[in-house]
1. Too long at a 32 Å Cα-Cα cut-off: which of A:Lys109/B:Lys231; A:Lys160/B:Lys250; B:Lys231/B:Lys260?
2. Return the loop-located chymotrypsin sites (Phe, Trp or Tyr not before Pro) in segment B:195-224 (DSSP other than H, G, I, E, B) with at most 10 other Cβ atoms within 10 Å of their own Cβ; answer none if there are none.
3. If each residue of separation counts as 0.36 nm, what is the full-extension length gain between B:Arg174 and B:Arg4 once their alpha-carbon separation is subtracted?
4. Can you list which of the trypsin sites (Lys or Arg not before Pro) found in segment A:152-187 are DSSP loop residues with at most 10 other C-beta atoms within 10 Å?
5. In segment B:153-176, which residues have a backbone nitrogen under 17 Å from the label point lying 7 Å from A:Arg108's Cα in the Cα-to-Cβ direction?
6. Just to verify a number: FRET efficiency for B:Arg39 and B:Ile65, C-beta to C-beta distance, R0 = 25 Å, to 0.05?
7. Principal axis lengths of the protein assembly as shown from Cα atoms, whole Å, largest first?
8. To check my understanding: the extent here is largest minus smallest coordinate of the Cα atoms along each principal axis. What are those three numbers for segment B:3-258, in Å, largest first?
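Any read-out appearing in this document is the output of simple, stated calculations on the displayed coordinates, not a laboratory observation. What you are looking at is a predicted structure, and each value in this text was computed from that prediction instead of being measured. No Cβ is skipped: glycine too gets one built from the backbone with ideal geometry, and neighbour counts run over all protein chains shown.
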Amino acid sequence: MSQDLTRRTVLAVLAGGAAFLVKKANGQIVWQVNASRCINSRLFEAGVEACNLCTTECVVALSAVRAVNEYSKCGRCNICPAYFNITSAVNELGQPSEKLCPRDAIARKAIGKVDPEDPANNFYEYIIDEEKCDGCGKCVMKCKEPLGLGSITLRVRYDKCVNCNYCSILKACPQNALMQLPIDQAL
Amino acid sequence: MQYRHVQVIDGKGALRGIAVDGNGQLYAAGDSEIRVFDRNERWPTSRPAHAVAVASDGSVYAGEIGQIEIFNGAGKLLHTWRDEKLLGRVTAIGFTKDSVLAGDAADRAIRRFDRGGKFLNNIGKDSAVNGLLIPNGVVDFGVDAQDTIYAANPGKHRVERYTAGGELLGHIGRFDGIDPAGFTGCCNPTNVAIRDGIYTTEKAGPRVKAYDFSGKLLAVIATDLFDANCKNMDIAVDARGRVYVVDTVKAAIFVFEPVKV
Ligand code: SF4
Ligand code: SF4
Ligand code: SF4
């Protein structure tokens, strides 16, 4: 390789790095959870405990990570294992008597054609209250296939994230699941 | 009633649906073919096969996306019923005395056709509010000797009974995450077979059970043999009461036999 070529390569890398830092400083490069790596949503991890490091390791109080339900994927089930603790005793409505979320951050609403007599006949919308959710991942783990449909995943929220140079969650994440992306790809 | 695990049959590729004929011959739908196990034959289908069923005259029906292919007992293709709308994704096929039933998972309904392929009516579509609630992508059902149709309605944790005309007669089953007599998870049972009773499979965790027609649990046939990530495990029961269950991850068929106690 000629000296000139080496110099040009170094300059190109430096220019690329500088452009990246400018984009990051402008909020155009952001951190996001890679759902296919996160233990809570990664397939073929049946039966393991939910990982809550996104809650405990984020520098922001209550974390910048939230559980997000993608409605187009959600089955709108009567017995949602992310909403109910499905191993709690069954109540008079034929439903589990306890909810799963420790912060009561998921609300449930019957939608469409509603049968007031029989809750099993209805579809439900599950709405996550982002003021209450701290991204603990419990509901994400229960929504995962094959128990659920995998519609709930953990996401970094950009109104909360301070875009650390090196995400503190990533330092602790056993799956290396936080990644930096251009913002249009991260939403 | 008790069952013992007697055999594991290598699925010889991806497995979706299974069926047993009157002679105990086992058929499986998977990849783009029907496999006939004892004869070690593979009949190619023109699209990926999701379901297989054997009619009383010995013809073999393959459920696919947008169509049903009908073979004679030697594997010769006789007819193709194509209807992209009514046969969106055929995940189960069954028969009454005078009609052919196809579970269309794309539209979450059972379609009823006459023996020539003319559409007659829907079953389970929007009945009792939203009808078959199928978040798991598979419609499955069985038919008893009186032509009553037993459809898995996993979103309601029930097996529902319908007339061939589509009238909902009743159901067995309820949600319970602790008591094995109930169905657990978000949506179970996913699959059902009918013989001398009602046989069901569940996902997360995988479980196979037998009920009588009143809904009384007779046996938990198996739980821990299957891969934990299995779902939509098709089930068939032969005339001797042997129960065949698909492990969709291991691509194998587990066989269970009733034990006299
Ligand atoms: S730390 Fe990693 S594995 Fe744990 S919840 Fe966050 S993204 Fe998932
Ligand atoms: S991530 Fe945790 S706090 Fe947030 S909705 Fe799910 S269970 Fe509740
Ligand atoms: S970059 Fe900082 S604020 Fe954002 S999620 Fe990671 S630790 Fe939290």
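1. A:Lys160/B:Lys250
2. Working: sites: B:Tyr199, B:Tyr211, B:Phe213; in loops: B:Phe213.
In loop regions of segment B:195-224 (DSSP not H, G, I, E or B), there are no sparsely surrounded chymotrypsin sites (Phe, Trp or Tyr not before Pro).
3. Details: separation 170, 0.36 × 170 = 61.20 nm, distance 2.62 nm.
Answer, rounded to one decimal: 58.6 nm.
4. Details: sites: A:Arg155, A:Arg157, A:Lys160, A:Lys171; in loops: A:Arg157, A:Lys160.
Those that pass, being in a loop and sparsely packed, number zero.
5. B:154-158, B:174-176
6. Details: r = 26 Å, r/R0 = 1.06.
Using R0 = 25 Å, I get an efficiency of 0.40.
7. Extents along the principal axes, in whole Å: 79, 64, 44.
8. Extents along the principal axes: 48, 41, 29 Å.
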